[in-house]
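Note sheet for the following structure.
The values are calculated or read from the model by the stated rules, or taken from the named source; none is laboratory data. Here the structure is a predicted model, which is why all the values come from computation and not from measurement. Every residue, glycine as well, gets a Cβ built from its backbone with ideal geometry; the counts of neighbours run over all protein chains shown. Side chains included, ligands, DNA and RNA excluded: accessible areas come from the protein's heavy atoms. Shrake-Rupley method; radii C 1.70, N 1.55, O 1.52, S 1.80 Å.
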Amino acid sequence: MALSFDVDNATVPLSRGDLGSEVISRGQYGAIDGLPRILRVLDKQNVPASFFIPAVSAALNPEMIPSILSRKRHEIGVHGWIHEHLGALNDEAEEQRLLRASIDLLTKAIGRRPVGYRAPSWAMSRYTMKQVKEAGFLYDSSLMASDDAYEVTIDGRPSGVVELPIERILDDAPYFGAANGSLPSPELVDQIYRAEFDLAYQEGGLYVLTMHPHYTGHRSRAQWLDKLIAYMKSKPGVWFATHEQVAAYVKKAAE
């Protein structure tokens, strides 16, 4: 069970030059109330999570990373510079510059080099995976080719990069980000997430859930997350782990 949070905050509108008060303030909710509430839920349930943070999010709200790390069980990974769309950028040198700058900023903030990468919007360019490999990342979590972990290939050759796949079904953005966040209810989303979990549990497989503090960090949704985690914990043998721990496990098992 790999819980993950993309701490985008206001970087998506900022990356597009949209300075509208609604989109900026709604995004900033993730830093001000959303993330603290999420961390309280994780504290209550005593489970780890992985937080993928655009560098600009970390720079605008530098209090976030110390708060996450103070729990001593969570992981922080790279999620782009300003949630740029790499396919639209379509510039190998600029993409490389932004990746290096993102790694440098997070390394300084964390005190160690991050080992995990998640592409902004889960959208890679034709250059991205090669740069992820060359940067020495242990794993990526941006692709959707399987339910379970697999090794990424580049031009048909093994890359050594572990993929921890995501899926739109298991992402809060399609459910809570549409219709100005008014629909659907957390209970309907809970039905989907529990159904996916139940089958993953039966198969003994990997379950990666992606959330955003500015969506799931709202009161009713955080309450739903608390109940969902409690349900998952009620099943014997469920391992709650960071993405780094999962990737290290599967890589060692493959040796």
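Once both labels are modelled 7 Å past Cα along the beta-carbon direction, what's the residue 167-residue 94 spacing in nm?
3.5
Cβ under 10 Å from residue 164's Cβ, residue 164 left aside: what net charge do those residues give with Lys, Arg +1 and Asp, Glu -1?
Residues close to residue 164 contribute a combined charge of -3.
Hey, can you find the accessible area per residue of the chain for me, probe 1.4 Å, expressed in square angstrom?
46
Distance in nm between label sites at residue 18 and residue 248, each 7 Å beyond Cα in the beta-carbon direction?
Here the answer is 3.9 nm between the modelled labels.
Quote the relative contact order of the stretch 102-240 in percent (integer), defining contacts as alpha-carbon pairs under 8 Å separated by 6+ residues.
In percent, rounded to a whole number, it is 17.
So for the pair residue 201, residue 107, with labels modelled 7 Å out along Cα→Cβ, what separation do we get in nm?
4.2
If you take the charge dipole of the chain about its Cα centre, with +1 on Lys and Arg Cβ and -1 on Asp and Glu Cβ, which of 189, 36, 7 is farthest toward its positive end?
Farthest along the dipole direction, towards plus: 36.
Zone of residue 63 (label point 7 Å along Cα→Cβ, backbone N under 18 Å): which residues in the stretch 12-53?
From the stretch 12-53, the list is 25-41.
In terms of Cα to Cα distance under 18 Å, which lysines are near enough to residue 233, apart from those fewer than 8 places away along the same chain?
44
If you take semi-axes √(5λ) of the Cα gyration tensor in Å from the coordinates, which of [x] 25, 24, 17; [y] 27, 23, 22; [z] 36, 19, 16 do you get?
Working out semi-axes √(5λ) of the Cα gyration tensor in Å from the coordinates points to [x].
Sort 198-206, 132-140 by the packing proxy (mean of other Cβ within 10 Å over each peptide's residues), most packed first.
Ranked by mean Cβ neighbours within 10 Å, highest first: 132-140, 198-206.
In whole Å, what is the distance between the alpha-carbon centres of the stretch 1-22 and the stretch 108-170?
20
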